[in-house]
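Engineer: Have a look at the structure that comes next, please.
The values are calculated or read from the model by the stated rules, or taken from the named source; none is laboratory data. Quick caveat: nothing in here was measured; it's all calculated off a predicted structure. Using ideal geometry, Cβ is built from the backbone for each residue, glycine included, and neighbour counts are taken over all protein chains shown. The area values use the complete protein model at the heavy-atom level, side chains included, leaving out ligands, DNA and RNA. Shrake-Rupley method; radii C 1.70, N 1.55, O 1.52, S 1.80 Å.
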Amino acid sequence: ISCREADWRGNADSRALQQLIGNAEFAELHLTPLDTAQSIAFAAYWLQCGEAQANFFVEEARRRDLDGLLANPQTLRMLTEAVGNHPHDWPRSKQETYARACAKLVREQNDEHLAVQRDTAPTDTQLLQAAGYLCAVMLLSASASVALQAARTPHPHVLELSSLTSDTAATPSLATCRAVLRSHLFAGDGIGNSTPAHRTVAEYLGACYLAQRIQARLPASRILALIQGEDGGVVPELRGLHAWLAVLANDAVRRTLIAHDPLGLVLHGDVLNFSTQEKIQLLQA
């Protein structure tokens, strides 16, 4: 029994267990995602409140585009701990909601894992940067997951982790990437690959990393070239990444992104903290 799918090495572990106990006695089982009623029940238990208040919590999470965190007991618990059950405890903006949730999800909660890693574990900041890097690469390359180990037959939509790291200061280390793939920001698929806990979380984290690179003088035009199609419009699958980049990047880049996809910024990003002039530009666009 594995406490997290990222620790399960897929076919390699399956074959080892089958050799030990025989094919006829082997079965691989995975927990199914929580349905709405189960999410409400867990929320009520962890928030120590009634069903009506727990239902409000679940609906509020969905309204803030955090519904992807509700189907997993561990991520749901992280969200209840990050937010609480009082109206004033909810973050003031969508951006703050994602920041608080990701900060909670990236932390190791298992005492035994913490004891083993206490001298070598990356900091939360390093882990979040690595998560952003991996999410940005996955989204920009239209990849579904990252493989911790190289496969005999590479899959076109699965990135091999060993091919994504380098010695540059802007690229997280292989050890840090491995560590964050085992955090609650990612989920295993049962065969040794890891995917982001939710696409919107990947879009937010990926935009955080890209905004940091722009701040470090990476030309924004190089990123826009990957996000835009031949007609100059934003690729539909990358509208969420584009929207969050507009929220997190500097003012000059934001003005450019508003012109490219104003509706996408409203639907997928968070324009609450835009300046008055930026909101006027958004409405005019």
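Engineer: At what distance in nm do the modelled label points of Asn11 and Gln74 sit from each other, each positioned 7 Å from its Cα along Cα→Cβ?
Structural biologist: My value for the distance between the label points is 2.5 nm.
Engineer: Projecting each Cα onto the charge dipole of the chain (Lys/Arg +1, Asp/Glu -1 at the beta carbon, about the Cα centre), which of Val158, Gln212, Ala27 comes out farthest on the positive side?
Structural biologist: It is Gln212, whose Cα lies furthest towards the positive end.
Engineer: Further, regarding this structure: How large a share of the accessible area of the chain, in percent, is made up of carbon and sulfur atoms when the probe is 1.4 Å and the other protein chains stay in place?
Structural biologist: On the chain, the fraction of accessible area on carbon and sulfur atoms equals 52 percent.
Engineer: For Leu31 paired with Arg62, estimate the spin-label separation in nm (one decimal), with each label point 7 Å from Cα along the Cα-to-Cβ line.
Structural biologist: Between Leu31 and Arg62, the simple spin-label model gives 2.2 nm.
Engineer: Could I ask something else about it? Which length gain, in nm to one decimal place, applies between Leu218 and Ala285 when the Cα-Cα distance is subtracted from 0.36 nm times their residue separation?
Structural biologist: Once the chain is fully extended between Leu218 and Ala285, it gains 21.5 nm.
Engineer: Still on this structure, please answer the following. Below 8 Å between Cα atoms, with a sequence gap of 6+, how large is the relative contact order for the chain in percent?
Structural biologist: After rounding, I find 17 percent.
Engineer: Only Cα pairs under 8 Å and at least 6 apart count here; give the relative contact order of region 157-285 as a rounded whole percent.
Structural biologist: Normalised by residue count, the contact order of region 157-285 is 16 percent.
Engineer: Whenever you get a sec, line up Thr97, Thr200 from highest to lowest accessible area (probe 1.4 Å, protein heavy atoms). Provide the component values of the computation, followed by the final result.
Structural biologist: On the way: Thr97 5, Thr200 30 Å².
Largest accessible area first, the list is Thr200, Thr97.
Engineer: By how many nm would the segment from Ala52 to Ala103 lengthen if fully extended, with 0.36 nm per residue of separation less the alpha-carbon distance?
Structural biologist: 15.6 nm
Engineer: For the chain, what class follows from the C-alpha gyration tensor (a ≥ b ≥ c being the square roots of its eigenvalues): rounded when a/c is under 1.5, otherwise prolate if a/b is larger than b/c, else oblate?
Structural biologist: Oblate, since a/c reaches 1.5 and b/c is not below a/b.
Engineer: Moving on. Name the residues of region 253-285 whose amide N is less than 19 Å from a point 7 angstrom out from the Cα of Gln228 along the C-beta direction?
Structural biologist: Counting backbone N atoms under 19 Å from the label point, the list is 253-266, 282, 285.
Engineer: Within a Cβ distance under 14 Å of Leu224, other residues only, what is the Lys/Arg minus Asp/Glu net charge?
Structural biologist: On the way: positive: Arg213, Arg222, Arg239, Arg254, Arg255; negative: Glu230, Asp231, Asp261.
Cβ neighbours under 14 Å give a net charge of +2.
Engineer: A follow-up question, please. Can you give the accessible area per residue of region 167-285, in Å², using a 1.4 Å probe? Write out the running numbers ahead of the final one.
Structural biologist: Working: 5720 Å² over 119 residues.
Per residue, region 167-285 has 48 Å² of solvent-accessible surface.
Engineer: A further question on this structure: Using 7 Å Cα-to-Cβ label points, what is the Ser163/Leu267 separation (nm, one decimal)?
Structural biologist: Computed distance between label sites Ser163 and Leu267 equals 3.2 nm.
Engineer: Right, next: For the chain, the longest stretch holding no GluC sites (Glu not before Pro) located in a DSSP loop with at most 15 other Cβ atoms within 10 Å is which?
Structural biologist: Value returned for the longest uninterrupted segment is 29-229.
Engineer: Do the sum for the chain: with -39,500 (n - 2.57) for every DSSP H run of n ≥ 4, divided by all residues, what is the mean residue ellipticity at 222 nm, to the nearest 500 deg cm²/dmol?
Structural biologist: After summing the helix terms and dividing by residue count, I get -16000 deg cm²/dmol.
Engineer: With +1 on each Lys and Arg Cβ and -1 on each Asp and Glu Cβ, how big is the dipole of the chain about its Cα centre, in debye rounded to the nearest 20? Walk me through the intermediate numbers first.
Structural biologist: Values: 24 positive and 30 negative charges, 132 e Å.
Its charge dipole is roughly 640 debye.
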